[in-house]
Structures are given as C-alpha cells and as structure tokens.
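The values are calculated or read from the model by the stated rules, or taken from the named source; none is laboratory data. These figures come from a predicted structure and were not determined experimentally. Here the Cβ positions follow ideal geometry from the backbone for every residue, glycine too, while neighbour counts run over all protein chains shown. These accessible areas exclude ligands, DNA and RNA; they are computed on the full protein's heavy atoms, side chains included. Shrake-Rupley method; radii C 1.70, N 1.55, O 1.52, S 1.80 Å.
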Amino acid sequence: MTSADIVAAKRPPSGIFARPESAFADSGQAHNEERPVLVIDLGGQYSQLIARRVREARVYSELVGHRLTAAEIARRKPAALILSGGPASVYAEGAPAVDEGLFALGVPTLGICYGMQLMARDLGGAVERTGVSEFGKTELETTESELFHHLPPEQTVWMSHRDSVTAPPSGAEVTASSPSTPIAAFEDRARRLYGVQFHPEVVHTPHGQEILKNFLYEVAGAPPTWTPAAVIEEQVERIRATVGRERVLCALSGGVDSAVAALLVHKAVGDYLTCVFVDHGLLRENEAEEVVETFSGHFRVPLVHVQAQERFLSRLAGVSDPEEKRKMVGEEFIRVFEEEAQQLGNVRFLVQGTLYSDVIESGGMDDGVAAKIKSHHNVGGLPADMRMELVEPLRLLFKDEVRRIGEELGLPERMVWRQPFPGPGLAIRIVGDVTAERLSILRRADAILLEEIRRADLYRDLWQSFAVLPAIRSVGVQGDERTYAYPVVIRAVTSEDAMTADWARLPYEVLEAVSSRVINEIPGVNRVVYDISSKPPATIEWE
Ligand code: XMP
C-alpha cells in the first residue's frame with residue numbers, strides 16, 4: 001500500500017492545497033486589496049471554493065453577502081464580480097437575489113450556475129424548469145469566446161442544476177452548449193457580462209481554472225499579484241500604521257497560526273512585540289524547545305517563556321473528568337497569561353490568529369470584511385476585562401495561505417506543516433489522572449509514532465496522528481516475567497476540516513514498527529492497539 005492509497009478516501013481535491021509551481025512567485029505589486037474580486041455568495045456550497053480558486057490564480061478575492069447594494073459594491077472598487085451558485089430556483093419565494101444595479105456598474109461580472117440564471121432573469125432573458133436536469137460530468141461544446149480562449153472546443157465540465165437558461169439576456173451571445181442544455185454559457189462582451197451553467201471551480205471541470213483565469217486576466221484585466229511576498233508587504237504596512245509605537249502582546253501556542261501572526265507583527269514593529277509562551281507541561285516531546293529556539297534564538301523575537309508545568313500538574317491532580325480537565329487548563333492558562341500581561345504593563349494590542357474561514361463562519365463577511373483590526377473584542381477564552389485591541393493579521397487568509405506565508409517568512413517546515421494540536425494538550429489524551437509518570441509515557445509513545453510516520457513520509461498526508469494513554473492495564477509477558485502494564489492507543493486520521501474524519505489505513509509495516517518500538521522502548525507499556533473509529537460517531541480526540 002502506498003501513502004496515496006491511505007489517504008485517497010478523504011483527501012481534499014488536489015489543487016485546493018496543491019502548490020501551483022508559479023503561484024506566489026515574487027511579483028511585488030502591493031495593494032491587492034484595493035481592487036478585490038468580490039465573490040457574491042448566493043448560498044451555494046462552493047462559494048468559498050470560488051474565492052480560493054481566484055486566489056490560487058494569484059488575484060485577491062473576498063466573499064461578500066448578496067444583500068450589498070450596488071453602491072456599496074461600487075465603493076469597494078472591485079476588479080470583477082463573481083455570482084456564486086445557489087440551492088434555490090431564481091423564481092422561488094425568498095430566493096437569494098442581488099441588487100440589479102450591479103449589472104450597470106460596468107464591472108466585469110461572471111455568473112456561475114444559479115448566478116448565471118439570476119443574470120439571465122434580471123437582464124431580460126428567461127429561466128425555466130425544462131424537465132431536464134444535469135448532475136455530474138457533461139460534455140460541453142464551445143464557440144469562439146473570451147472565456148474559452150485557448151481551450152479545446154469540446155471539454156468535460158461538471159454540472160449540477162434543475163433549472164436552465166432558455167433565453168440569454170438581451171444583447172448576449174450563447175457561447176457553449178451541452179447535449180441537455182443548449183444555453184450552457186453566454187457572454188455580452190460590450191457590457192462585460194458572462195454566465196456559465198457549469199462549475200469551473202470544482203476539480204471535475206478539468207479546464208475550470210483556465211476558464212477562471214481567462215475571466216480574471218483577459219476579461220477583467222486583474223493582474224496576478226496576490227503573492228505571499230505581496231501579502232506580507234501589505235500586512236506589515238497595515239500593522240505598522242495601526243500599531244505605531246505601542247506595545248503588542250502575542251500568545252504563542254506552538255501552532256502555525258499564532259506563529260505566522262507573531263512573525264508578521266514582529267516584521268512590522270520589531271521589539272514592540274512581546275510573545276508569551278506558556279509551557280503548561282502538556283506539550284509533545286521537544287515542542288517547547290522548538291518554539292523557544294525558533295522565536296527567541298532564530299528570529300530574535302522578545303519572548304517570555306513561562307515555565308508553568310508544576311502549576312498545571314498540581315491543578316490537574318486527581319481530575320479525571322474530560323470537561324473538568326479542559327476547563328482547568330483553560331482557566332489556568334488565562335491566569336498565567338494575565339499575570340504576564342500585567343507584569344509587562346502598558347500593552348495596548350493583542351495579536352490573534354483569526355483566519356478568514358472563522359470570519360466567514362461567524363457571518364462577518366456581510367460587512368465586506370473590511371475590518372482588519374477589531375477593537376475591544378473579547379478573544380476566545382481570554383477574560384472580558386482584558387481590554388486590549390486586537391490585531392488580526394490573518395483575518396483575510398485561508399489556512400493554506402497562512403502556511404505559504406509562514407514558509408516565505410522562513411518559519412521552519414516542521415512548524416509550518418504541524419498537525420493540529422488541542423489547546424489542553426496531552427491532558428486530554430491521557431484518560432484518567434494526569435501524572436508526571438503518565439505524561440512521560442505518552443510523550444515518548446507519541447514521539448515514536450511521529451518518528452515512524454515521518455520515516456514512512458506520511459506526516460503531511462494525515463490530518464492528525466498521535467498516541468493516547470488509556471486508564472486500564474492488561475497482562476503481558478516480557479522475558480519470563482508476567483507484566484501488568486498500560487496499553488498505548490495509536491490514532492491516525494484523514495480529514496478535510498475535522499468535522500468528519502476517517503481512520504487512516506496505515507501500512508502494517510508502520511504499525512509493526514511503532515508497536516515494537518513502543519513496547520520495547522517504554523517501560524510500563526506492554527501492548528499497542530490501533531483505533532479504527534471514524535468521526536462520527538467517535539471524535540478525533542479521546543476526551
Ligand atoms: P474532535 O476531538 O472534537 O476534534 O473530533 C476536532 C479537532 O479539534 C481539535 N481540538 C481542539 N483544538 N482546543 C483546540 O485548539 C481544544 O480544546 C480542542 N479540542 C479538540 C482536535 O485536535 C481536532 O483537530
């Protein structure tokens with residue numbers, strides 16, 4: 001079995017996370033955000049994907065709500081508009097619509113699926129339920145067109161629709177058809193309005209990205225300048241303008257988001273930034289040393305390394321309930337962080353690694369996602385009376401973009417590609433009491449597992465891979481001695497977003513190497529078991 005087989009089932013479509021060779025090459029031109037491509041969300045399941053595809057073409061894009069008026073849209077000075085797909089029929093009651101004034105702004109506009117049908121309806125064409133639906137791969141025939149420029153006249157595309165456009169908008173020309181849909185694309189070159197019934201954003205439309213690029217580069221004339229270097233330059237400028245010469249604080253967790261956020265702020269304001277790294281003793285092997293070495297040693301970022309292992313361990317003593325553990329670690333973390341903030345004094349800003357997906361999920365996009373820095377906001381878990389203004393340099397970035405920016409900033413590969421790790425750390429991977437002895441068993445088992453996973457070159461294919469220490473013991477025999485010792489559970493999952501996960505089909509050889517090493521190298525362990533539960537019904541973590 002190869003590593004590809006193991007993750008085939010749950011792997012994100014290639015392309016989303018793939019690194020296009022030329023993407024993010026240095027190009028230098030800043031201020032991408034001044035001419036965004038606005039993706040108007042009409043409720044389709046691929047709206048976010050469209051925004052990401054545009055960014056993969058190195059053009060800055062934002063997802064915005066469909067209720068924005070034409071005047072509000074015009075104020076953003078968009079380079080282009082893309083109307084997303086949507087679940088409804090354009091004639092259904094309460095179906096999402098847009099301000100028709102959009103189409104008179106002279107901004108190049110592409111409607112996809114429902115978006116195309118909306119354009120047809122609003123611009124004098126017709127949309128009907130013809131009784132013919134298309135779901136899945138379809139053969140498309142195209143005519144000479146700006147969107148299909150340089151592409152074969154026949155290509156496979158991916159469709160998902162019940163209604164169809166039966167008459168194009170007045171003045172528009174039909175540029176593609178499929179066996180069941182005579183009007184599969186139209187364009188009005190004079191007014192720069194374009195519609196496609198299929199989904200160019202999904203991987204099942206092999207030429208989809210080229211079609212989007214034709215729209216972005218040739219129709220809209222948007223330059224491919226959204227590169228990590230340009231993003232860094234823009235963010236650094238913005239942070240500098242906001243923060244000035246005030247003190248900034250950042251809590252480093254060891255994960256990629258807080259690390260990249262901290263490095264961006266450090267690049268902008270240097271030693272006005274102080275990072276606080278709370279070592280709660282619940283981290284993986286060598287993790288604390290890596291964080292300290294990277295930030296304090298390599299990047300020379302002022303770092304307060306709080307050694308709070310004893311403190312956390314004594315609070316956790318005798319606590320075996322998972323929720324209690326989580327609560328205690330969270331509360332204690334806040335206490336330690338507050339104490340450090342107070343000692344530093346005069347700190348005005350707090351860095352937070354909020355990502356664009358968090359902003360979208362919390363509905364923050366209807367404002368056009370203009371706010372880069374929100375004031376007086378309570379950060380997840382931090383106390384309400386901690387009145388600091390937030391600096392959120394990742395607020396407009398997707399996770400894969402954060403990783404590429406981390407690489408560009410010189411963050412070590414191990415940190416950039418680190419698998420997610422929960423805030424309460426190893427405390428929620430030890431079932432029952434968390435003691436120094438049990439922590440050291442788990443930490444070693446986890447390190448062995450990760451060594452073997454990396455040796456087999458599987459680390460980046462897995463969403464997470466880790467060890468768990470249950471609260472039971474079982475009988476074994478080692479040498480001629482009977483043993484009564486702990487088992488170690490191995491958990492390795494594939495996932496796209498942690499909402500669902502599948503257990504990874506790890507090769508037997510890897511499992512064998514882990515089992516043999518864990519049992520032979522760690523006193524107190526005599527058995528290794530592999531967790532073959534998916535989420536749902538299990539969760540990824542054990543507690
Ligand atoms: P579950 O166990 O709910 O986990 O399937 C889903 C994802 O969330 C991570 N996780 C956490 N991350 N603080 C975090 O920062 C937490 O308290 C926490 N609990 C779970 C988990 O590792 C998985 O990726």
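Taking (1) without any contact (Cβ under 8 Å) to a residue 24 or more places away in the chain; (2) surrounded by 15 or more Cβ atoms within 10 Å (Cβ to Cβ); (3) not in a loop (DSSP other than H, G, I, E, B) in turn, Ala538 satisfies each apart from (3). With respect to the conditions (1) open to solvent by less than 50 Å² (accessible area, probe 1.4 Å); (2) assigned to a strand (DSSP E or B), Gln117 lacks only one, and its number is (2).
Rundown of residues vs (1) within 16 Å of the ligand (Cβ to nearest atom); (2) in a loop (DSSP other than H, G, I, E, B), yes/no style:
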position: Gly423; (1), (2): yes, yes
position: Gly432; (1), (2): no, yes
position: Leu439; (1), (2): no, no
position: Leu450; (1), (2): yes, no
position: Ala471; (1), (2): no, yes
position: Val493; (1), (2): yes, no
position: Asp497; (1), (2): yes, yes
position: Asn520; (1), (2): no, no
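A quick yes/no check of all residues on (1) small (Gly, Ala, Ser); (2) surrounded by 20 or more Cβ atoms within 10 Å (Cβ to Cβ); (3) at pLDDT 95 or above:
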residue: Ile211; (1), (2), (3): no, yes, yes
residue: Glu218; (1), (2), (3): no, no, yes
residue: Ala222; (1), (2), (3): yes, yes, yes
residue: Ala230; (1), (2), (3): yes, yes, no
residue: Ala262; (1), (2), (3): yes, yes, yes
residue: Lys267; (1), (2), (3): no, no, yes
residue: Glu285; (1), (2), (3): no, no, yes
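What are the residue pairs meeting all of these: first residue in region 407-435, first residue open to solvent by less than 10 Å² (accessible area, probe 1.4 Å), second residue among the polar types (S, T, N, Q) and not in a loop (DSSP other than H, G, I, E, B), Cβ atoms under 7 Å, and 6 or more apart or on different chains? Listed by first residue and then by second, the contacts come to Met415/Thr294.
If you take the residues in region 499-518 that are assigned to a loop (DSSP other than H, G, I, E, B) and surrounded by 18 or more Cβ atoms within 10 Å (Cβ to Cβ), which one is nearest to the ligand (Cβ to nearest atom)? Only one residue tops the list, namely Ala504.
The set of residues in region 144-174 that are surrounded by fewer than 13 Cβ atoms within 10 Å (Cβ to Cβ) and farther than 20 Å from Thr130 by Cβ comprises Glu144, His150, Pro152, Pro153, Glu154, Ser170. In this structure, does Val306 turn out to be part of a strand (DSSP E or B), more than 16 Å from the ligand (Cβ to nearest atom) and within 32 Å of the chain's Cα centre (by Cα)? Criteria met by Val306.
Just name the residue that is least open to solvent (accessible area, probe 1.4 Å) out of those in region 522-535 that are assigned to a loop (DSSP other than H, G, I, E, B) and more than 15 Å from the ligand (Cβ to nearest atom).
Ile522
Of Glu289, Glu331, all but one fail to be assigned to a helix (DSSP H, G or I), open to solvent by 60 Å² or more (accessible area, probe 1.4 Å), within 16 Å of the ligand (Cβ to nearest atom) and farther than 12 Å from Ala427 by Cβ; the exception is Glu331. Within the set Arg482, Arg527, the sole residue that is over 30 Å from Val278 (Cα atoms) and in contact with a Pro (Cβ under 7 Å, 6 or more places away or on another chain) turns out to be Arg527. Condition first: in contact with a Pro (Cβ under 8 Å, 6 or more places away or on another chain) and more than 15 Å from the ligand (Cβ to nearest atom). Now tell me which residues in region 239-259 satisfy that. The one that is in contact with a Pro (Cβ under 8 Å, 6 or more places away or on another chain) and more than 15 Å from the ligand (Cβ to nearest atom): Ile239.
Pairing residues of region 465-489 that are at pLDDT 95 or above with residues that are of a type in the set (Lys, Arg) and open to solvent by 70 Å² or more (accessible area, probe 1.4 Å), at Cβ distances under 7 Å and at least 6 apart in sequence or on separate chains, gives Ser474/Arg527; Val475/Arg482; Gly476/Arg527; Tyr484/Arg473; Ala485/Arg473; Tyr486/Arg473; Pro487/Arg527. Check whether at least one residue in region 90-101 is on the phi > 0 side of the Ramachandran plot, at pLDDT below 95 and not basic (Lys, Arg), and report yes or no. Yes; the residues of region 90-101 include at least one that is on the phi > 0 side of the Ramachandran plot, at pLDDT below 95 and not basic (Lys, Arg). Cβ separations smaller than 7 Å between residues 6+ apart or across chains give the following pairs from region 74-87 residues that are surrounded by 24 or more Cβ atoms within 10 Å (Cβ to Cβ) to residues that are of a type in the set (Asp, Glu): Ser84/Asp41. Checked against the criterion of being within 24 Å of Val256 (Cα to Cα) and surrounded by 15 or more Cβ atoms within 10 Å (Cβ to Cβ), the candidates Leu450, Leu469 yield just one match: Leu450. Scanning region 268-281 for residues that are under 30 Å from Gln464 (Cβ atoms) and out of contact with any Lys or Arg (no Cβ under 9 Å at 6 or more places or on another chain) yields Cys275, Val276, Phe277, Val278, Asp279. If you go through region 304-342 and pick out every residue that is under 22 Å from Val291 (Cα atoms) and without any contact (Cβ under 8 Å) to a residue 24 or more places away in the chain, you end up with 2.
Within region 457-469, the set of residues being within 15 Å of the ligand (Cβ to nearest atom), part of a strand (DSSP E or B) and of a type in the set (A, V, I, L, M, F, W, C) comprises Phe466, Ala467, Val468. For Val489, state whether it is within 16 Å of the ligand (Cβ to nearest atom), within 22 Å of Leu458 (Cβ to Cβ) and not charged (D, E, K, R). Yes.
Only one of the listed residues (Ser258, Ser253, Ser177) is touching a residue at least 40 places away in the same chain (Cβ under 8 Å) and open to solvent by less than 60 Å² (accessible area, probe 1.4 Å). That residue is Ser258.
One line per residue, one yes/no per condition, for (1) touching a helix residue (DSSP H, G or I) at 6+ places or on another chain (Cβ under 9 Å); (2) open to solvent by 40 Å² or more (accessible area, probe 1.4 Å):
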| residue | (1), (2) |
| --- | --- |
| Leu439 | yes, no |
| Arg443 | yes, yes |
| Ser465 | yes, no |
| Arg473 | no, yes |
| Gly476 | yes, no |
| Ile490 | yes, no |
| Val493 | yes, no |
| Glu496 | yes, yes |
